[in-house]
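Encoded as structure tokens, the structure appears first; notes follow it.
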Amino acid sequence: MSGAQLSAAHAEAGRRARNARLGLLGPAVLIILLISILPLGITVVYSFLTPGTYGGVTWEFSTAAYVQFLFEEDIFDGTLAFNPAYLQIFLRSIGLAFGAMIGTLILGFPTAYFIATKPRQQRTFWLFLITLPFWTNILIRTYAMLLIIRDEGFINLTLMNLRIINHPLSILYTDTAVFIGLIYTYLPFMVLPLYASLEKLDFRLVEAGYDLYASRWKVLSHVIAPLAKPGIIAGCVLVFIPGLGAYITPELLGGGKKLMIGNMIAIQFGSSRNWPFGSAAALILMALVVIVLLVYARAAGREAKAHG
């Protein structure tokens, strides 16, 4: 066989291999289109339509859903006035998600460090305890927290029996209750990536820091924290993003009075029957998530360059 024939045979084999790979990828691509891109496209289209009288949409182009996010239209003369109600819900959601992120970091870092410093044969047991809550539905876990922090719950009864307080603390149906619930729900999301980073930590560096007469705070801030930075960033993203769109926690612990973005979107598709505004709010939430992911990707890229 000549060289030209060999080249043609190799090219034909390569083409068949590419076609085979494309054939195998075809079902996966189709599934992604059906369950991801198609619903997103429908949401984008609905956000630019007019609400139907009894729900659904009317096929008339309108940007009113996006205007409604910041402005309220006067029913008599059609003038627009700034209305911060929905913006406040977004800001409350961002604040609670950020607070939960900081709270889980404060609680999760020493927990992950404790597990990482245990003998290897014991770490599996402690990780099992951390992941154990995932075995129970989030609705049940959140309802259990409701029973703990209510006026007649475990916390108030314990404090009153110890004579620390005379009257029950009004925690339930407040932002504090939602904050506690978010920390409880997403704490494992912080512990696991932190543990993955701290497990790889060379503790001889920690010992070297103490040998150089560094205080515990300096060893933590100058040795341990920088080396655990990838886990810190990953944990913060994993807590902040789902916390931003939380639904069950504010619905149960906030009593429907302390709305977050997820609750507001559900109301628009439910009792308010304003599908275009619900779609617009969902897209605004998605834009916030994309911004957070871009910041994370940029930070991860800088980290990779620093160690490259």
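The values are calculated or read from the model by the stated rules, or taken from the named source; none is laboratory data. Here the structure is a predicted model, which is why all the values come from computation and not from measurement. Cβ coordinates were reconstructed from backbone atoms using ideal geometry, including for glycine residues, and neighbour counts include every protein chain displayed.
Couple of notes before you dig in:
- S93 falls short on exactly one of the conditions (1) within 23 Å of P250 (Cβ to Cβ); (2) at pLDDT below 90; (3) hydroxyl-bearing (S, T, Y), and that condition is (2).
- In the stretch 110-120 there is at least one residue that is touching an Asp or Glu at 6+ places or on another chain (Cβ under 6 Å), at negative phi and of a type outside the set (D, E, K, R).
- Restricting L87, L33 to those that are closer than 19 Å to F269 by Cα and either charged (D, E, K, R) or assigned to a helix (DSSP H, G or I) (or both) reduces the list to L87.
- Test: residue in the stretch 47-56 that is out of contact with any Leu (no Cβ under 9 Å at 6 or more places or on another chain), among the hydrophobic types (A, V, I, L, M, F, W, C), modelled with pLDDT of 90 or more and more than 26 Å from T249 (Cα to Cα): yes
- Of all residues making up the stretch 55-84, the number that are out of contact with any helix residue (DSSP H, G or I) (no Cβ under 6 Å at 6 or more places or on another chain), among the aliphatic types (A, V, I, L, M) and not in a loop (DSSP other than H, G, I, E, B): 4
- Some residue of the stretch 249-262 being closer than 26 Å to Y66 by Cα and among the hydroxyl-bearing types (S, T, Y): no
- Condition met for I284 (more than 24 Å from G103 (Cβ to Cβ), in the same structural domain as I94 (by TED's automatic domain parsing), hydrophobic (A, V, I, L, M, F, W, C) and surrounded by 12 or more Cβ atoms within 10 Å (Cβ to Cβ)): yes
- Members of the stretch 23-72 that are among the polar types (S, T, N, Q) and surrounded by fewer than 11 Cβ atoms within 10 Å (Cβ to Cβ): S36, T53
- Search result, residues across the stretch 117-152 that are within 13 Å of G181 (Cβ to Cβ) and part of a loop (DSSP other than H, G, I, E, B): R150
- Any pair with Cβ under 8 angstrom, 6 or more apart, that starts in the stretch 42-64 at a residue that is assigned by TED's automatic domain parsing to the domain that holds S279 and more than 20 Å from G270 (Cβ to Cβ) and ends at one that is acidic (D, E) and part of a strand (DSSP E or B): none
- The residues on offer are I138, I148, I106, I89, and the sole one that is of a type in the set (A, V, I, L, M, F, W, C) and in contact with a Ser or Thr (Cβ under 7 Å, 6 or more places away or on another chain) is I138.
- When each of I89, I102, I75, I115 is tested for being under 30 Å from T50 (Cα atoms), among the β-branched types (V, I, T) and surrounded by 13 or more Cβ atoms within 10 Å (Cβ to Cβ), the lone residue that passes is I89.
- Residue match in the stretch 166-189 (condition: of a type in the set (A, V, I, L, M, F, W, C), assigned by TED's automatic domain parsing to the domain that holds I102 and loosely packed, with under 11 Cβ neighbours inside 10 Å): no
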